[in-house]
Amino acid sequence: MTIREEVVELLRNRSAALFGLDAGKKAALNAQTRFIEDLNCKSVNFVQLSAALEDEFEIEIAYQYITAWRTFGDAADYIATTLGE
């Protein structure tokens, strides 16, 4: 599994738990899932999700980058690039 795929999977799992999504809705989450339009993420949700990414991949993510992400794929691309993939 690539880093990008790992990021998307982590975001799927954390988002499902954070937003109380059932298995069907969780299965629909993918790299094209939009944080705001699809999940109605608030700033606190971005912080929670980015904290999970920071812990998992042992990196620090500046808030300015987090708020620029539109989709799970954007986050995955950022993490993959940061880690040199």
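The values are calculated or read from the model by the stated rules, or taken from the named source; none is laboratory data. For clarity, every value in this text was computed on a predicted model and none was experimentally measured. A quick note on method: Cβ atoms are made from the backbone with ideal geometry, for glycine too, and the neighbour counts reach across all protein chains shown.
Odds and ends about this structure:
- The one condition from (1) surrounded by 12 or more Cβ atoms within 10 Å (Cβ to Cβ); (2) without any contact (Cβ under 8 Å) to a residue 40 or more places away in the chain; (3) not aromatic (F, W, Y) that N30 does not meet is (2).
- Tallying residues that are within 14 Å of R12 (Cα to Cα) and in contact (Cβ under 8 Å) with a residue 12 or more places away in the chain within segment 33-55 yields 11.
- The residue pairs whose first member lies in segment 63-85 and is within 12 Å of L53 (Cβ to Cβ), whose second member is charged (D, E, K, R), and whose beta carbons are closer than 6 Å, counting only pairs six or more residues apart or on different chains, are A76/R4; A80/R4.
- Residues (small (G, A, S) and either in contact with a strand residue (DSSP E or B) (Cβ under 6 Å, 6 or more places away or on another chain) or at pLDDT 95 or above (or both)) located in segment 29-49: A31
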